[in-house]
Amino acid sequence: MSVTDRTIVLAGATSGSGLALARTLVDGGARVIATGRSAERLEPLRAIGAEVEVADATSLEEMTHLASRLDAVDAVIPLVGGWRGGGGLAGQTDDDFSALLPALEAVRASSRAFDSALRASDAGRFAIVSSTAVGRPLAGGANYAAVKAAAEAWTRAVAQGFAKSARDAGEPLRAASIVFRAKALDPASLAPRVLALWNADAATLNDQIITLD
């Protein structure tokens with residue numbers, strides 16, 4: 001298998017990492033659907049050959065509406081992120097926590113909206129980008145690590161759902177849910193790992209935590 005002719009949704013793709021990943025996937029022959037809340041910020045993605053959709057990745061309603069308009073989807077990768085931290089434990093403010101929550105909300109909304117589509121694909125993939133902070137949380141990044149840990153737990157629950165669905169249907173597992181962890185996200189390390197998601201079968205990939213270089 002390869003990424004060629006796969007339909008891949010990048011939910012919240014207007015960051016530099018989203019642009020770099022979209023370019024790699026388009027160059028690899030994938031159909032990339034890039035979402036964002038700003039039409040203007042989506043223009044660079046359109047310019048490199050991605051299809052763009054103005055949609056909020058944190059909204060289940062908007063993600064479900066998008067899913068209903070796509071014939072088939074082979075992968076969903078939510079890319080909503082950001083950092084707020086510092087100041088030790090006392091500095092972990094409610095405002096900072098609220099600012100970080102959209103990353104978790106995007107994971108929840110996009111996985112729920114596209115669950116049936118990914119299970120219907122012959123090689124469905126759901127992947128998130130998390131942080132090595134989950135493995136070693138620091139007081140000054142407690143909010144950030146907590147949100148990332150919650151996103152990882154949700155993504156692993158998606159993996160269990162894929163496995164149970166296949167088992168109940170008496171079919172081989174075709175969909176996989178994966179966590180990528182990075183200390184500091186480098187698009188150059190993420191892109192080849194995403195491409196490699198179609199180099200292994202779902203049973204090998206599902207529920208894996210992969211640390212990026």
remark   = In debye to the nearest 20, the charge dipole size for segment 7-211, taken about the Cα centre with +1 at each Lys and Arg Cβ and -1 at each Asp and Glu Cβ, equals 480 debye
note = Comparing 181, 41, 167 in a Gaussian network model of the chain (Cα, 10 Å), the one with the largest mean-square fluctuation is 167
remark   = If one builds a Gaussian network model of the chain from Cα atoms under 10 Å apart, the most fluctuating residue listed among 166, 133, 150 is 166
query = Any number yet on Rg/Rh for the chain, C-alpha, Kirkwood?
reply = 0.96
Selected from 197, 19, 138 as most flexible by GNM, with the chain as the system and alpha-carbon contacts under 10 Å = 138
task = Using the charge dipole of the chain (Lys, Arg: +1 at Cβ; Asp, Glu: -1 at Cβ; taken about the Cα centre), state which of 104, 191, 141 has its Cα farthest towards the positive end.
result = 141
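Values in this text are rule-based calculations from the coordinates and carry no lab data. For clarity, every value in this text was computed on a predicted model and none was experimentally measured. Every residue, glycine among them, receives a Cβ derived from its backbone with ideal geometry; neighbour counts consider all protein chains shown.
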